[in-house]
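The values are calculated or read from the model by the stated rules, or taken from the named source; none is laboratory data. Note that the coordinates shown come from a computational prediction; the quantities given were computed from them, not determined experimentally. Every residue, glycine as well, gets a Cβ built from its backbone with ideal geometry; the counts of neighbours run over all protein chains shown. We work out accessible area using only protein heavy atoms, side chains counted, and drop any ligands, DNA or RNA first. Shrake-Rupley method; radii C 1.70, N 1.55, O 1.52, S 1.80 Å.
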Amino acid sequence: MFVADKRDKYDSRDVERLQKDDALAGCYLQWRLQNVDDALKMIDESFQWRKEFRVNDLTESSIPRWMFETGAVYLHGYDKEGNKLFWFRVKLHVKDAKAVLDKKRYVAFWLERYAKREPGMPLTVVFDMTDSGLSNIDMDFVKYIINCFKVYYPKFLSKMILYEMPWIMSAAWRIVKTWLGPEAISKLKFVGKNEVQEYIDAEHLPTHMGGTDTFKYSYPPLPDDDFQTPICENGPIVSEDETESKEDAESESKDTLDSSQNEEQIQKSKKSPETLRLNGKPRVSGENPEVKQVNFLEESLKVDECDKVDSTSRTKTAKKHVTVFKGPLLHISPAEELHFGIKDCERKSLIVLNNVTKNLVAFKVRTTAPEKYRVKPSNSSFEPGTSLDIIVSLHGGFEASPQDRFLVMAAEMDQSTGAGTLDLPQFWKEVPKTKVMEHRLRCHVTESSKPMSLLLDENPLHSNIKNNQEDLHSKIIRLLASNKRCEEQIDECLWFQKMLMGLVSLLMAITCSALYLLYTDRSRL
């Protein structure tokens, strides 16, 4: 009702999204420690800002080109937790009152772009203060950046790394700290060259920070797309051990048949309506193509089999997922993450595509780590009303990383276009970007090699532990807030004490002066 009564102050698209997206409302509540009134005030302020800056309509063409060319702000690389790095090169920022609004909209453009591409994933902000000085400090702009994460994009900040901050800026950052809440203050990390690799691996750090990343910013294009074509194009790769790879390809059908027989036996006992096949070929869906069920009994049997196999043999099972992203052309499962583990049976993951259109759909899969993964198939097309299984497997001795990302691209093909694989390269050259659907997937690396880990979320004991952790986290935040208020009150008391001592000293000085004058007058008399 609070939002509905003030529709004229907001963009209707934001109101509609809030009403449909429970996770968004939950972010505001969690950021305000479940205080509904505070959360509503935060939503009000955030939505008014979004309308004022026309955030939903920000595009690359709506930002002055020179701002992109400076390279002062951009997205590139990942921290150790797999969060995208949002770089601010402070030395390239010069305070200019005429460009303040454009700079603020420029930051909003990057944040909104990332929020749409990586929903629910936080950012790590890096202030690179190398060779910066007082002339680069713009307190109003810094306060705006703070508000972006404090109000406009709740729970969006993973950490804020300040690299090589000059001592002359220390006073300015003391002021900045007063603008931050207790939780945000805990996210500040002041680092130098020796400490920065505690948070970011060398491969994602520029050379002047002691890293090995040779990336040089240039525009165009925008630098936040790191996706490349995987090594494997529509088939297995010949690895160092050619014989082993050939055996993999030849035994694929046999493994699929054995897997299908096991599934039939389990399906009869459990009466499961649908079990996913891992043959990497299109198949016609059942009554409801959106429903993806995981047979946990089957997964537990596969764990036992995986533990029993010899260490030199390979397991051809890929993880199955139940979450579904519903796009205009494809429904994609899993919706957000591909799970990989340590054991051989966890070195494969499954992407299931469902064609929900009335035409052929062409697709291709790209990744930020093409040398690590093989994808089968990685570029093809399939019929309307069918689904396709894509096997993503780790290649050689590589290990999955939270920084790895996959991009699924899809475009609808006209009936006259045809489905020939030979036509796909030309099709991708000619298809307009506006007609290409994109969906990003990130990697989740499981510490324990248990394929049934998906059941943990449904375990009451696990839920209780998780709730207790959240309660403890909330109590810590409240304690920090109370501590902050106590510090402020102590500061006020100290200030009052100093003022009182000053007044007392002044009064004593006046009294002494008066007594001295009185004494001298009497002496003259």
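Give the ranking of Ile137, Ile43 by solvent-accessible surface, highest area first, calculated with a 1.4 Å probe.
Ranked from most to least accessible, the order is Ile137, Ile43.
Starting from the Cα of Asn147, step 7 Å toward the Cβ, then list every residue of segment 87-104 with an amide N under 16 Å from that point.
Output list for this probe position: 100-104.
Just to verify a number: what accessible area does Ser401 come out at with the full protein assembly present, 1.4 Å probe, Å² rounded to tens?
My reading of the accessible area for Ser401 is about 20 Å².
Ranking request for peptides 386-399, 28-41, 49-62, 481-494: highest mean number of other beta-carbon atoms within 10 Å first, then the rest in descending order.
On the way: 386-399: 18.1, 28-41: 15.7, 49-62: 14.0, 481-494: 10.9.
Most protected by this proxy first, the peptides run 386-399, 28-41, 49-62, 481-494.
In what order, largest first, do Glu203, Glu337 sit by accessible area if the probe radius is 1.4 Å?
Sorted by accessible area, descending: Glu203, Glu337.
Order the peptides 166-173, 427-434 from the highest to the lowest mean number of other Cβ atoms within 10 Å of their residues.
Order by mean packing, descending: 166-173, 427-434.
Calculate the dipole size of segment 369-418 relative to its Cα centre from +1 charges on Lys and Arg beta carbons and -1 charges on Asp and Glu beta carbons; express the result in debye to the nearest 20.
200
For q values of 0.21 Å⁻¹, compute log₁₀ I(q)/I(0) with the Debye formula on a Cα-only model of segment 326-446, without solvent.
Each listed q maps to, in turn, -1.15.
Largest first, what is the accessible-area ranking of Met508, Met209 with a 1.4 Å probe?
I get Met508, Met209, largest accessible area first.
Keeping all protein chains in position, work out how much accessible area Lys91 exposes to a 1.4 Å probe, and write it in Å² to the nearest 10.
80
For segment 140-155, what does the Karplus curve 6.51 cos²θ - 1.76 cosθ + 1.60, with θ = phi - 60°, yield as ³J(HN,Hα) per residue in whole Hz, taken in order and with x for Gly and Pro?
Taking θ as phi minus 60°, the curve returns 5, 5, 4, 4, 5, 4, 4, 5, 4, 8, 7, 10, 6, 10, x, 6 Hz for segment 140-155.
What fraction, in whole percent, of alpha-carbon pairs in segment 79-198 exceed 21 Å separation?
Values: 2656 of 7140 pairs.
The proportion of pairs with Cα distances above 21 Å equals 37 percent.
Where the only charges are on Cβ atoms (+1 Lys, Arg; -1 Asp, Glu), what is the dipole of segment 151-193 about its Cα centre, to the nearest 20 debye?
Rounded to the nearest 20 debye, it is 100 debye.
Which net charge results for the neighbourhood of Ala411, defined as the other residues with beta-carbon distances under 12 angstrom from its beta-carbon, given Lys and Arg at +1 and Asp and Glu at -1?
Net charge around Ala411: 0.
Given the protein chains as shown and a 1.4 Å probe, how many square angstrom of Phe325 are accessible, to the nearest 10?
Counting only protein heavy atoms, the figure is 60 Å².
With a bin width of 5 angstrom, please list the P(r) values of segment 102-154 as percents of all Cα-Cα pairs, from the 0 bin to the one holding the largest distance.
For segment 102-154, the binned pair fractions read 4, 15, 26, 26, 16, 9, 4, 0 percent.
Please go through the residue pairs Lys80/Lys193; Lys326/Lys348; Lys41/Lys84; Lys326/Lys372; Lys20/Lys364 and name each one whose alpha carbons sit more than 21 Å apart in this structure.
Lys326/Lys348; Lys41/Lys84; Lys326/Lys372; Lys20/Lys364
I'd like the projected area of segment 1-88, averaged over all directions, using the convex hull of its alpha carbons. Report it in nm² with one decimal.
For segment 1-88, the mean projected area of the Cα convex hull comes to 7.8 nm².
In angstroms, what radius of gyration and Dmax does segment 67-124 have, counting Cα atoms only?
Looking at segment 67-124, its Cα Rg and Dmax stand at 12.5, 38 Å.
Within 10 Å, Cβ to Cβ, of Val55, how many net charges do the neighbouring residues add up to if Lys/Arg are +1 and Asp/Glu are -1?
Every neighbour counted, the sum reads 0.
What order do you get for 117-123, 515-521 when each peptide is scored by the mean count of other beta carbon atoms within 10 Å, highest first?
117-123, 515-521
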